[in-house]
Structure formats: structure tokens, C-alpha cells
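A.B. asks: Before I ask anything, let me first share the structure, which is written out below as C-alpha cells.
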Amino acid sequence: MQPVKIVDLFAGPGGVDVAAEKLGVPTVGIEWDSDACQTRRTAGLETVQGDVRRYGPADFPDADVLAGGPPCQTFTVAGSGAGRKALDDVLAFVERMIARDDREAIASDLAKLDDERTGLVLEPLRWILEALDVRKKPYEAIVLEQVPAVLPVWEAYERALRNEGYSVDHGLLLTEAFGVPQTRKRAVLIARRGEHDVKLPAPTHRAYRKGVPRDAGDAALEPWATMGAVIERGTPFEVISNYGTGGDPKLRGRRSSSQPSATVTGKIFRNRVVSLEGDELDRFSYSEAGRLQTFPADYPWSGRDIGQQIGNAVPPRLAVHVLSAAFGWPPPGEELFADLNRWHSLPTQAKNASDGEVLVKV
């Protein structure tokens with residue numbers, strides 16, 4: 001298929017959008033966080049600053065692809081069982097939505113949940129069903145991603161989408177298996193309308209295993225990428241995590257520049273960077289942290305809490321693979337990824353966005 005435009009829900013600073021733009025597919029992202037929107041504006045990405053729940057497919061009539069990565073916090077609560085309860089609630093709502101229960105009643109019941117973020121994982125399904133039932137113009141392709149704990153939700157989505165005429169695949173993807181210099185697991189769902197054999201993208205690189213050399217494993221796959229390959233400091237270095245396993249500061253995680261980074265989180269700038277001799281080095285810059293996520297080196301990070309923006313983002317290199325698979329395109333070549341190393345910011349309208357205001361490239 002040849003996509004016309006992607007509408008990206010919970011778009012963040014632009015991981016999916018950067019990938020799509022490099023693939024030549026226009027995007028518009030909906031994002032409520034003003035700082036992430038400031039980064040998007042500076043990067044020249046078309047943006048709606050506002051709450052995803054206030055919009056629907058009719059507001060973006062040209063978009064024929066839906067993408068989204070809803071907030072995940074309530075599914076990752078440890079110990080108390082809140083995460084399990086949230087998951088059970090969500091799966092029950094999915095069944096009601098598939099059965100086309102009264103939309104107002106569903107919205108009213110969602111508002112009663114202990115944490116309103118729990119219901120946000122249902123927003124892509126609401127958009128999908130409204131495109132079918134109200135707009136009468138279904139999305140031709142769908143791309144969703146989240147933390148591994150959301151896999152049961154994507155499984156429920158898959159059943160719903162198959163009933164609506166989509167070919168679907170979902171599962172866990174390892175970012176380093178697609179050339180991202182970082183170990184990170186993502187739960188991904190892709191779907192395409194019609195009778196297609198949709199499959200998640202196949203790995204291009206070997207999975208990282210502690211103590212296993214880069215050159216070991218499947219010879220048909222490339223070795224995993226290292227931090228040192230994207231962060232050039234002139235000397236090998238080691239990254240020491242800002243927290244220890246189980247809260248024990250003596251068990252702080254360590255990765256050398258000859259390894260992939262550990263999962264990049266919003267606390268990335270708290271990590272220490274030291275030489276192999278133990279000397280303190282400068283902590284990561286915005287550009288360096290972004291490069292661990294495969295954002296272009298010159299990506300114009302803006303606003304506040306840039307660490308959180310970077311940690312929450314989808315790695316663009318992974319998104320290139322996932323989008324290509326969703327569209328039925330062949331795996332991208334290295335020349336595209338070479339182009340991904342540079343962004344070159346586009347001019348945008350010089351104005352602040354209020355809730356619901358559309359910011360477009362000029």
C-alpha cells in the first residue's frame with residue numbers, strides 16, 4: 001500500500017513521525033505535553049497539542065494510517081496488584097467496545113476508573129471503530145506499540161481487528177535486533193486492511209546476551225550495535241546506572257561503550273559516565289541520549305524534561321522497520337538509516353499552541 005497520511009496518537013517528541021517522514025509519509029501527531037510539542041514544533045512536525053480523547057477520525061479525514069503508543073504506567077504497577085486489576089478492566093472494556101455497546105455508557109464507566117490513564121490504552125480502538133462506524137472510511141493500516149505488559153491488550157485488539165477485516169500480527173520486539181544501540185523490549189501490533197499475510201518485521205541484528213560476543217550467533221544477522229558506534233568520545237567509556245537492582249546501590253547496572261545501552265529512561269541524565277580507569281566524564285548530552293534512541297544527531301530537543309521526552313519515545317530506527325512491515329514494503333536499506341542520522345529542522349509557524357490548535361509546516 002502507499003499511505004496518504006499517518007495520524008499518530010500520543011505522539012511524544014516524534015519517534016514514529018521522524019521514521020515516517022524519512023520514509024516519505026506525511027504525519028500529524030496529537031500530543032498533550034507542551035514540552036514534547038515544543039520539540040515537535042522546532043523539528044517542523046505537524047502537531048495538534050491537546051487530549052487525544054477530544055478528537056476522532058473525522059478530525060483528520062485524510063489520514064489512512066493510525067499509529068499510537070498510549071501511556072502504560074498503570075499496567076506496570078508492581079506488588080499491589082493494581083496493574084493486574086487495570087488489565088482486567090481494560091480487557092472487559094475491549095469486549096464491550098467490540099460488541100458496540102453504548103459509547104456514552106462506556107465513556108461514563110471509563111471515567112470511574114481509579115486512574116484515568118488506564119482507559120487511554122483503549123483510545124486507538126475507539127478511533128479504529130469510529131473510522132469504521134462513523135467516518136465510514138476505515139484505516140488501511142494500524143501500528144501500535146507499548147511496554148511488554150500490554151501484550152494481552154494487543155491480543156484482544158487482534159481478535160477485534162480480525163473481525164473487522166484486518167490481517168494482524170503482534171508480539172515482542174527487541175530494539176537491538178533492529179540495529180538500535182540499546183536493549184529495550186516493545187510490545188508491537190501491526191494490521192493492514194484486507195486479505196494480507198501481515199507479519200512483524202524480521203530481526204536484522206543479533207539479540208544482545210550478557211557475556212556473549214558480538215560475532216557469535218546467527219551469521220545471517222548483523223552484530224548488535226554499540227554505544228560507542230553512535231557516541232564518539234575519543235576513548236572507551238562505561239555507563240553506571242543511577243539506581244541499583246532491587247534498590248541496592250552496590251548493584252548498579254553497568255554497560256561499556258562496546259555494548260548496547262541499557263533501556264533509556266527519563267532518568268538518562270542521572271547516569272554516570274566514566275572512563276575505563278574510573279575517571280568521571282561528562283554525562284550524556286541531549287544529542288547523545290537521543291542517538292541511543294536513534295534520533296538524528298541534530299534533532300532539536302526543546303522545552304523542559306528532555307530526559308523524559310527521550311525516554312518515552314519510540315526509537316525511530318525500530319519505527320522504520322515496523323511501519324515498513326505494516327505497509328507491506330520490503331525491509332529498508334542502510335542508505336535510509338544513514339539519512340536518519342541527520343534531521344535538518346524545518347521552519348514552522350512561530351506561535352504557541354493552545355489546546356486543540358494545529359501547528360503545520362510552512
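A.B. asks: Subtracting the Cα-Cα distance from 0.36 nm times the residue separation, let me have the gained length for residue 222 to residue 172 in nm, one decimal. Don't jump to the answer; show the numbers that get you there.
C.D. replies: Numbers: separation 50, 0.36 × 50 = 18.00 nm, distance 1.94 nm.
Gain on extension, residue 222 to residue 172, equals 16.1 nm.
A.B. asks: Could you list which residues have their amide H under 5 Å from that of residue 263, counting only those 5 or more apart in sequence or on another chain, with H placed in the peptide plane?
C.D. replies: Distant-sequence amide H within range of residue 263: 183.
A.B. asks: Quick one: angle between helix 34-43 and the longest Cα principal axis of the chain, in degrees between 0 and 90, rounded to 10, please.
C.D. replies: 80
A.B. asks: Computed FRET efficiency, Cβ-Cβ of residue 258 and residue 195, R0 41 Å: what is it to the nearest 0.05? Walk me through the intermediate numbers first.
C.D. replies: Details: r = 46 Å, r/R0 = 1.13.
E between residue 258 and residue 195, to the nearest 0.05, is 0.35.
A.B. asks: Next question, about the same structure. Just from its helices, what would the mean residue ellipticity at 222 nm be for the chain, if runs of 4 or more DSSP H residues each count -39500 (n - 2.57) and the sum is divided by every residue, rounded to the nearest 500 deg cm²/dmol? It would help to have the intermediate numbers written out before the result.
C.D. replies: Numbers: 11 runs with 103 residues, N = 362.
Taking each H run of at least 4 residues, the total per residue is -8000 deg cm²/dmol.
A.B. asks: So, in the chain, how many Lys pairs have Cα atoms under 21 Å apart, if the pair is 8 or more places apart or on different chains?
C.D. replies: For the chain, qualifying lysine pairs total 12.
A.B. asks: Could you tell me how far the Cα centroid of region 185-212 sits from the Cα centroid of region 95-111, in Å?
C.D. replies: Centre-to-centre distance over Cα atoms comes out at 32 Å.
A.B. asks: Helix 82-98: angle to the longest alpha-carbon principal axis of the chain, degrees 0 to 90, nearest 10?
C.D. replies: Result, in degrees: 40.
A.B. asks: Say we join alpha carbon atoms closer than 10 Å with springs in a Gaussian network model of the chain; which of 60, 327, 337 then has the biggest fluctuation?
C.D. replies: Looking only at 60, 327, 337, the biggest GNM fluctuation is shown by 60.
A.B. asks: Let me ask something else about it. Once you charge only the Cβ atoms, +1 for Lys and Arg and -1 for Asp and Glu, what is the size of the charge dipole of region 43-181 about its Cα centre, to the nearest 20 debye? Working shown, then result.
C.D. replies: Values: 15 positive and 25 negative charges, 38 e Å.
The calculated dipole for region 43-181 is roughly 180 debye.
A.B. asks: How long, wide and thick is region 262-316, going by the Cα atoms along their three principal axes, in whole angstroms, largest first?
C.D. replies: Principal-axis extents of region 262-316 (Cα, largest first): 33, 20, 18 Å.
A.B. asks: For a quick check, take a GNM of the chain with Cα springs below 10 Å and name the residue from 34, 261, 108 with the largest mean-square fluctuation.
C.D. replies: In this elastic network of the chain, the residue with the biggest mean-square fluctuation among 34, 261, 108 is 108.
A.B. asks: Compute the long axis of helix 123-133 from its Cα atoms, compare it with the longest principal axis of the Cα atoms of the chain, and write down the angle in degrees, 0 to 90, nearest 10.
C.D. replies: 40
A.B. asks: Here's a follow-up. For the chain, build the charge dipole from Cβ charges (+1 Lys, Arg; -1 Asp, Glu) around the Cα centre, then report which of 212, 52, 315 sits farthest towards its positive end.
C.D. replies: The residue sitting most towards the positive pole is 212.
A.B. asks: Here is a follow-up. Most mobile of 314, 198, 212 per a Gaussian network model of the chain (Cα springs, under 10 Å)?
C.D. replies: Looking only at 314, 198, 212, the biggest GNM fluctuation is shown by 212.
A.B. asks: Please work out whether region 1-135 counts as rounded, prolate or oblate from its C-alpha gyration tensor, where a ≥ b ≥ c are the square roots of the eigenvalues and a/c under 1.5 means rounded, while otherwise a/b larger than b/c means prolate and anything else oblate? If you can, show how the numbers build up before the last one.
C.D. replies: Numbers: a/c = 2.18, a/b = 1.42, b/c = 1.53.
Oblate, since a/c reaches 1.5 and b/c is not below a/b.
A.B. asks: In the chain, what is the volume of the convex hull around the alpha carbon atoms, normalised per residue and reported in Å³?
C.D. replies: Working: hull volume 51.9 nm³, N = 362.
Here the figure is 143 Å³ per residue.
A.B. asks: Would you kindly work out the equivalent ellipsoid of region 227-303 from its C-alpha gyration tensor and give its semi-axes, the square roots of five times the eigenvalues, largest first in whole Å?
C.D. replies: On the way: eigenvalues 85, 48, 22 Å².
Square roots of five times the eigenvalues give 21, 16, 11 Å.
A.B. asks: Then there's this: Which one, 198, 276, 240, is farthest towards the positive end of the dipole of the chain when Lys and Arg carry +1 and Asp and Glu -1 on their Cβ?
C.D. replies: In the chain, that residue is 276.
A.B. asks: What's the FRET efficiency of residue 136 with residue 287 using the Cβ-Cβ distance as r and R₀ = 30 Å, to the nearest 0.05?
C.D. replies: Details: r = 45 Å, r/R0 = 1.50.
Once rounded, the FRET efficiency stands at 0.10.
A.B. asks: Provide the per-residue ³J(HN,Hα) series for region 204-220, in order, calculated from phi with Karplus coefficients 6.51, -1.76, 1.60 and θ = phi - 60°, each as a whole number of Hz, with x at glycine and proline positions.
C.D. replies: Result, ordered by residue: 10, 10, 6, 6, 7, 9, 4, x, 9, x, 4, 8, 8, x, 5, 5, 7 Hz.
A.B. asks: Between residue 102 and residue 304, what length comes free when the chain is fully extended (0.36 nm per residue of separation minus the Cα-Cα distance, one decimal in nm)?
C.D. replies: Numbers: separation 202, 0.36 × 202 = 72.72 nm, distance 4.03 nm.
Going from the current span to full extension adds 68.7 nm.
A.B. asks: Once amide H atoms are built 1.01 Å from N in the peptide plane, which residues 5 or more positions from residue 253, or in another chain, come under 5 Å H to H?
C.D. replies: 241, 243, 245
A.B. asks: R0 = 35 Å: FRET efficiency of residue 58 with residue 207, Cβ-based, nearest 0.05? Present the calculation step by step, with values, prior to reporting the outcome.
C.D. replies: On the way: r = 42 Å, r/R0 = 1.21.
That pair, residue 58 with residue 207, gives E of 0.25.
Values in this text are rule-based calculations from the coordinates and carry no lab data. This is a predicted model, so every value here is computed, not measured. Note that we place each Cβ from the backbone using ideal geometry, even for glycine, and neighbour counts take in every protein chain shown.
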